[in-house]
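To start, the structure itself, in structure tokens.
The values are calculated or read from the model by the stated rules, or taken from the named source; none is laboratory data. Keep in mind it's a predicted model, so treat the numbers as computed, not measured. Cβ atoms come from the backbone with ideal geometry, glycine included; neighbour counts cover every protein chain shown.
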Amino acid sequence: MKYSLFSILLVGVMCVVGCSPELGLQMTVPNLPEPQAAVDASAATDPVKVKVGKFVDARASQTIATIDGRSVPSEGALGDVVQEGFTRYLRQAGVHIAILNSPMIDGEIVDWQARVKPSFPTSDAKATAKLRVIVRDSKSHPLYRATFSGEATASHPMLDEESIQKLLAQAMGSAIETAVKSDEFLAQLSKGRVE
């Protein structure tokens, strides 16, 4: 069977278009996945208590995804998603979430974005997340600062907006989980207690 040059080019163009994810003009900030097995801080004789404060969006750009050179800005409150994620991840690790008379964590979202490279037969995507976290004592004095990062990658012939959001959520979840599993981070939370 013979194929014309036109039909070969048409199939090639269809494959490239089919492998290139379609994204809207904006992308909603995804909710974070459930935490994986984390350090169990509940076994301590004196349980760790903490207040989870605000996380400010300090990214250099509002872009949350870049696909084939096109920037897609984020839609939604990134700080609220990270604050809620930290609360869930800390609870899962056995940390008690408090409102008063406890140390507090807050910080900045330094990076949170996905880069998608359409290709044939699969498109590749990599999501990265970076948080600058501050632990404060019960009187709001800074005790500890650290940066935690996470990433996630995927290759698939049909990457869509939902799969890119999932990748973004995994990257931020990984960054938060790295913090929660940090012995130094948990030790600083214990230091900040009211005596």
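Overview of values
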{"quantity": "Check on Thr128, assigned to a strand (DSSP E or B), of a type outside the set (A, V, I, L, M, F, W, C), modelled with pLDDT of 90 or more and under 14 Å from the mean Cα position of the chain (by Cα)", "calculated": "yes"}
{"quantity": "Residue in region 80-91 that is among the acidic types (Asp, Glu), under 21 Å from Leu25 (Cα atoms) and at pLDDT 90 or above present", "calculated": "no"}
{"quantity": "Per-region count, region 165-194, residues hydrophobic (A, V, I, L, M, F, W, C), crowded, with 17+ Cβ neighbours inside 10 Å and over 13 Å from the mean Cα position of the chain (by Cα)", "calculated": "4"}
{"quantity": "Residue that is farthest from Val72 (Cα to Cα), among those in region 122-162 that are buried (at least 17 other Cβ atoms within 10 Å of the Cβ) and polar (S, T, N, Q)", "calculated": "Ser138"}
{"quantity": "Breaking point among (1) in contact (Cβ under 8 Å) with a residue 60 or more places away in the chain; (2) in contact with a helix residue (DSSP H, G or I) (Cβ under 6 Å, 6 or more places away or on another chain), for Leu143", "calculated": "(1)"}
{"quantity": "Conditions (1) surrounded by fewer than 20 Cβ atoms within 10 Å (Cβ to Cβ); (2) in contact (Cβ under 8 Å) with a residue 40 or more places away in the chain; (3) closer than 22 Å to Asn31 by Cβ; number of the one not met by Ile99", "calculated": "(3)"}
{"quantity": "Residues of region 148-164 satisfying the condition of being over 15 Å from the mean Cα position of the chain (by Cα) and of a type in the set (Ser, Thr, Tyr)", "calculated": "Ser155"}
